[in-house]
Amino acid sequence: MTDHSTAMRSAFSAQMQALDSQRAPGSEQPLELLLDDGLPLRVTLHPDNRHWLIEAYAYDAVAIHGPLRRSLVSTLLQINGVALDGQQILCTLDTSDLVVVMTRWRGDGEGAGCDFLSWLEYTAAQARRIREAVRAIAMHGEELDWQMVAP
């Protein structure tokens, strides 16, 4: 294990303990958070020890079927194809039909241009925006025109 890897693991452990005082010192287990608005987040140290992964569970899409589901999947794919506010995110449906918004932060602070808590806040904000888009599809999809427009 390299010095960088050891430092990254230590930094991850310290930051997660700062967020959860009940956490055992030195723990590298994922941290699960539930924000005030009910948005669940999971923070994990990537196996490469260079990135911290943040997963925000934005919406339970199990009840979305047919054309609305195709619209949802198309929308998520379109979001994946662009950067929001200059930052890359990934949106997907997991095996439980949850809409998951994922970002990664370099634990050394390089690349993201901000500290971890700012990145966590950014991820939560994007997940909330995507949650609202999915709600619009689920609630008003029949009234919306979801045809792709050529760039």
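Derivation of every value follows stated rules applied to the coordinates shown; laboratory data play no part. Computed from a predicted model, the values in this text were never measured in an experiment. No Cβ is skipped: glycine too gets one built from the backbone with ideal geometry, and neighbour counts run over all protein chains shown.
Using a 10 Å cut-off around each Cβ, can you sort Leu93, Leu19 from fewest to most neighbouring Cβ atoms? Kindly include the intermediate steps, with their values, before the conclusion.
Details: Leu93 17, Leu19 13.
Ordered by Cβ neighbours within 10 Å, fewest first: Leu19, Leu93.
Note down the relative contact order for region 15-84 as a percent, whole number, built from C-alpha pairs under 8 angstrom at least six residues apart.
On the way: 52 pairs, mean separation 11.4, N = 70.
It rounds to 16 percent for region 15-84.
Using label points projected 7 Å from each Cα along Cα→Cβ, tell me how many nm separate Thr95 and Leu77, to one decimal.
2.3
Would you calculate the separation in nanometres between label points at Ala18 and Ser118, each defined as 7 Å from the Cα along the Cα-to-beta-carbon direction?
For the pair Ala18/Ser118, the computed spacing is 1.4 nm.
Please give the FRET efficiency for Asp37 paired with His65, using the beta carbon to beta carbon distance and R0 = 22 Å, rounded to the nearest 0.05. Let's see the in-between values first.
Numbers: r = 26 Å, r/R0 = 1.20.
Efficiency at R0 = 22 Å is approximately 0.25.
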